[in-house]
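Okay, so here's the structure we're looking at.
The values are calculated or read from the model by the stated rules, or taken from the named source; none is laboratory data. Worth saying up front: this structure is predicted, and the values here are computed from it rather than measured. Neighbour counts run over all protein chains shown; Cβ positions are idealised from the backbone, glycine included. In case anyone asks, the SASA skips ligands and DNA or RNA and just uses the protein heavy atoms, side chains included. Shrake-Rupley method; radii C 1.70, N 1.55, O 1.52, S 1.80 Å.
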Amino acid sequence: MRICLVTPEPGHPLLAAARLRLEAAGHRVEPLDPGAPGAAPEDLADVYLLKARTPRALELARELERRGAPVLNSAAATALCQDRTRMAELAVRAGLPFAATRTYGSLADWAAGAPFGGSSLVVKSRHSRRADLVARVDDADRLRELARAWPQEPVVVQDFAPNSGWDHKLWAIGDRVFAALRRSELAPQGRGPARPLALAELPPGWADLVRRTGEAFSLDVYGVDLIDTGEATPLIVDVNAFPGIRGQDGAPEALAELALDRAAAAR
């Protein structure tokens, strides 16, 4: 089989480890930088792994799909996970326990028109990307500070849900689920490293909830960030297409197996 890694970082630990396993089994693995001129190949590979989210990467993935190539994840599913408004709408339609989300065209306009009501809020950039806005707002001063720094930023706003301060980082590759704990990015002490978590330590039903989320979002390789709002009640706060899944035993093997399965199914 010929497998192509659509990414500007083919040395990413997950991809590099999966590549070693595929090549050891006699398969051909090639990197494809979506930002390179003329990136679209004439000769299609058996399957493409889309570990990039830039507009050029998505356009390349769409072109590959139009030509009949299997792409994991699809361009449509990857793009949907970058829009937190669409993400929330789809999750609600699918009956998933997703944080209630309101959308505003700009942070400054919303802050000016909606005086702070006293309850803590979480404000996020509508469009997920590197170094985007994710902040907790506990008072009017903090809201005005953010509005000055990000005046034209389209945002989503969610009520802050009391929790332990730890995110359950759950990832799936096909049907396989992996887990870790990590401090919330809203925690004042910073995130710190992720702590591995055995699936047996998850509350009942959480692994199945991850798989339901993947089905609803048409994702093959994805992450679901959950918080425990009390008595093991899960709340989904984010869904990511093709996250890093670093340091998870068995993840490279699962990715290699998934790539071969999808390539074989497409033949």
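Cβ-Cβ distance below 8 Å, separation of 6 or more or different chains: which pairs start in region 1-16 with a residue that is among the small types (Gly, Ala, Ser) and end on one that is surrounded by 16 or more Cβ atoms within 10 Å (Cβ to Cβ)?
Within 8 Å, the pairs are ALA16/PRO10.
Are any residues in region 28-54 within 16 Å of the chain's Cα centre (by Cα) and not small (Gly, Ala, Ser), and if so, which ones? Before you say what the answer is, go through the steps one by one.
Applying the first criterion (within 16 Å of the chain's Cα centre (by Cα)) to region 28-54 yields 49-54.
Across region 28-54, the qualifying residues are LEU49, LEU50, LYS51, ARG53, THR54.
For region 142-258, which fully contained strands (runs of 3 or more DSSP E) count at least 2 residues that are over 25 Å from LEU80 (Cβ atoms) and open to solvent by 30 Å² or more (accessible area, probe 1.4 Å)?
On the way: elements: 155-159, 166-173, 176-183, 221-228, 234-241.
Qualifying strands (runs of 3 or more DSSP E): 176-183.
Considering (1) under 20 Å from the mean Cα position of the chain (by Cα); (2) modelled with pLDDT of 95 or more; (3) not basic (Lys, Arg), say which one ALA149 fails and leave the rest.
It is condition (1) that ALA149 fails.
Filter region 123-141 down to the residues that are assigned to a loop (DSSP other than H, G, I, E, B), charged (D, E, K, R) and surrounded by 15 or more Cβ atoms within 10 Å (Cβ to Cβ) and list them by number.
Of all residues in region 123-141, those assigned to a loop (DSSP other than H, G, I, E, B) come to 126, 128-133, 138-139.
Pick out the ones that are also charged (D, E, K, R) and you get 126, 129-130, 132, 138-139.
If the condition is that a residue be assigned to a loop (DSSP other than H, G, I, E, B), charged (D, E, K, R) and surrounded by 15 or more Cβ atoms within 10 Å (Cβ to Cβ), then ARG126, ASP132 are the ones that fit.
Take region 9-19 and flag every residue that is surrounded by fewer than 16 Cβ atoms within 10 Å (Cβ to Cβ) and either charged (D, E, K, R) or more than 16 Å from GLY247 (Cα to Cα) (or both).
GLU9
Could you run through region 77-99 and say how many residues are touching a strand residue (DSSP E or B) at 6+ places or on another chain (Cβ under 7 Å) and closer than 20 Å to GLU153 by Cβ? Spell out the reasoning first.
Initially, region 77-99 is screened for residues touching a strand residue (DSSP E or B) at 6+ places or on another chain (Cβ under 7 Å), giving 77-78, 81-85, 87-88, 91-92, 96-99.
Of the ones still in play, those that are also closer than 20 Å to GLU153 by Cβ are 81-85, 87-88, 99.
Total satisfying the criteria: 8.
Restricting attention to region 104-120, which residues are open to solvent by 20 Å² or more (accessible area, probe 1.4 Å) and either β-branched (Val, Ile, Thr) or in contact (Cβ under 8 Å) with a residue 24 or more places away in the chain (or both)?
Pass one, region 104-120, residues open to solvent by 20 Å² or more (accessible area, probe 1.4 Å): 104-105, 108-120.
Answer for region 104-120, where residues must be open to solvent by 20 Å² or more (accessible area, probe 1.4 Å) and either β-branched (Val, Ile, Thr) or in contact (Cβ under 8 Å) with a residue 24 or more places away in the chain (or both): TYR104, GLY105, ALA108, TRP110, ALA111, ALA112, PRO115, PHE116, SER119, SER120.
Can you tell me which of (1) within 23 Å of the chain's Cα centre (by Cα); (2) over 27 Å from LEU255 (Cβ atoms); (3) not in a strand (DSSP E or B) is the one GLY118 doesn't meet?
That leaves (1) as the condition not met.
Give the residues of region 26-56 that are more than 18 Å from ALA75 (Cα to Cα) and touching a residue at least 24 places away in the same chain (Cβ under 8 Å), sorted by residue number.
The answer is HIS27, ARG28, VAL29, GLU30.
Please give the number of the condition ASP220 fails out of (1) closer than 26 Å to THR54 by Cβ; (2) over 12 Å from the mean Cα position of the chain (by Cα); (3) charged (D, E, K, R).
That leaves (2) as the condition not met.
Filter region 46-102 for residues that are of a type in the set (Gly, Ala, Ser) and closer than 18 Å to LEU5 by Cβ; which is most open to solvent (accessible area, probe 1.4 Å)? Write out each step before concluding.
Step one: of region 46-102, the residues of a type in the set (Gly, Ala, Ser) are 52, 57, 61, 68-69, 74-77, 79, 88, 91, 94-95, 99-100.
Right, trim to closer than 18 Å to LEU5 by Cβ and you get 52, 57, 61, 69, 74-75, 77.
Details: ALA52: 14, ALA57: 0, ALA61: 2, ALA69: 10, SER74: 31, ALA75: 1, ALA77: 6 Å².
Filtering region 46-102 for residues that are of a type in the set (Gly, Ala, Ser) and closer than 18 Å to LEU5 by Cβ, the one most open to solvent (accessible area, probe 1.4 Å) comes out as SER74.
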